[in-house]
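**Student:** Below: one structure in structure tokens.
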Amino acid sequence: MTRRNKEEHEASGHLESRMMLPCRNLSERSQQAQVGYVKMVLRIYQSGVALAAITAAVLAVVTLAAGFSAGSASAQARDIHGLWIDHTGRGAVQIERCGSRLCGKIVWLRKATDRRGRPLRDMLNPRRAKRGKPICGLQIIGGLRRQSDGSWDQGWIYAPDKGETYDVELRMRGRNRLQVKGYLGLKLFNETYVWRRAPQDLKLCTL
């Protein structure tokens, strides 16, 4: 090999080395990038797992609290028995069990006597056999059956101030509010009122 050929060969080798160096550096950078990407993915995955665990724990607590609240509200809603002041504020009805059903009678009147001081009586009852009975102690609710949704229905309610009887549904609206829905056959046409729980020291009427 001549001197000139030798110089050209060495020059070619140096050029090849310089050309290979970027490729080698690029490969190393690519590997580092891949490693960095994998680490980043692992961190995201680990963060996601932790977040999912935290989220699941929070949801479990919220669900438990909601269940407790719903159970408490349901227990209160079942407490329909007791003394209720009607929507007019002129009378109070004691609601209680009558066998497997629910019934109610008037036990308090804001004004229990007429102008002559005589006890108010059921003078508008269409049934003569029941006409004339004292309003105090008069049964005005009966036959109510417990429904699957927690309400009481398929019973009757009597309005002594009108002498009329209606179908009725009772439904708790909180611990101290009772929804009374009167209807005839179809609930599409109804009159709905809210009764409120009476104070425990309410002085009851006497016969």
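The values are calculated or read from the model by the stated rules, or taken from the named source; none is laboratory data. The structure presented is a predicted model; accordingly, all values stated were derived computationally and were not measured. Reconstructed Cβ throughout: ideal geometry from the backbone, glycine too, with neighbour counts over all protein chains shown. Protein only, heavy atoms only, side chains kept; ligands, DNA and RNA dropped before computing areas. Shrake-Rupley method; radii C 1.70, N 1.55, O 1.52, S 1.80 Å.
**Student:** Ordered by residue, what ³J(HN,Hα) values in Hz, to whole numbers, does segment 112-129 give under the Karplus form 6.51 cos²θ - 1.76 cosθ + 1.60, where θ = phi - 60° and Gly and Pro are x?
**Tutor:** Here the 3J(HN,Hα) series is 8, 10, 8, 5, 8, x, 8, x, 5, 10, 7, 8, 9, 5, x, 8, 4, 5 Hz.
**Student:** Now for a separate question. Near the amide H of ALA198, under 5 Å away, which other amide H atoms are found, from residues 5 or more places off or on another chain, if H is placed in the peptide plane?
**Tutor:** Under 5 Å from the amide H of ALA198: LEU83, TRP84, ILE85.
**Student:** Would you mind getting the accessible area per residue of segment 72-144, heavy atoms of the protein chains only, 1.4 Å probe, in Å²?
**Tutor:** 60
**Student:** Here is a further query. Sorting check: for 191-197, 112-118, which peptide has the highest mean count of neighbouring beta carbons within 10 Å, and how do the rest follow?
**Tutor:** Averaged packing, sorted descending, gives the order 191-197, 112-118.
**Student:** Quote to one decimal, in nm, the extra length available between THR113 and PHE189 on full extension: 0.36 nm per residue of separation minus the C-alpha distance between them.
**Tutor:** Between THR113 and PHE189, full extension yields 24.0 nm more.
**Student:** Just how many pairs of Lys in segment 116-207 have C-alpha atoms closer than 22 Å, counting pairs that are eight or more places apart or on different chains?
**Tutor:** Final tally of qualifying lysine pairs is 5.
**Student:** Okay, moving on. Can you compute 3J(HN,Hα) from phi for each residue in segment 183-192, using the Karplus curve 6.51 cos²θ - 1.76 cosθ + 1.60 with θ = phi - 60°, rounded to whole Hz and x for Gly and Pro?
**Tutor:** In residue order, the calculated couplings are 7, 10, x, 10, 7, 4, 10, 8, 10, 10 Hz.
**Student:** What list of ³J(HN,Hα) couplings, whole Hz, do you get for segment 170-181 from phi and the Karplus terms 6.51, -1.76, 1.60, once you set θ to phi - 60° and write x for glycine and proline?
**Tutor:** 10, 8, 5, 10, x, 5, 10, 10, 10, 8, 10, 10
**Student:** Would you tell me the accessible area of ASP79, worked out with a 1.4 angstrom probe on the heavy atoms of the protein chains, in Å² to the nearest 10?
**Tutor:** 50
**Student:** Quick one: which residues, 5 or more positions from GLY91 or on another chain, have an amide H under 5 Å from its amide H? H modelled 1.01 Å from N in the peptide plane, none for Pro or chain starts.
**Tutor:** Result for GLY91 returns ASP86, ARG110.
**Student:** What's the local net charge at LYS130, with K and R +1, D and E -1, over the other residues with C-beta under 12 Å away?
**Tutor:** In short, +4.
**Student:** Between GLU96 and ARG173, how many nm apart are label points set 7 Å from Cα along the C-beta direction?
**Tutor:** 2.7
**Student:** For segment 72-207, what does the alpha-carbon gyration tensor say about shape, rounded, prolate or oblate, given a ≥ b ≥ c as the root eigenvalues, a/c under 1.5 as rounded, and a/b over b/c as prolate?
**Tutor:** oblate
**Student:** Subtract the Cα-Cα distance of ARG145 and LYS162 from 0.36 nm times their separation in residues, and report this length gain in nm to one decimal.
**Tutor:** Result: 3.6 nm gained on full extension.
**Student:** Amide H neighbours of ASN125 under 5 Å, counting only residues 5+ apart in sequence or on other chains, H built in-plane at 1.01 Å?
**Tutor:** GLY132
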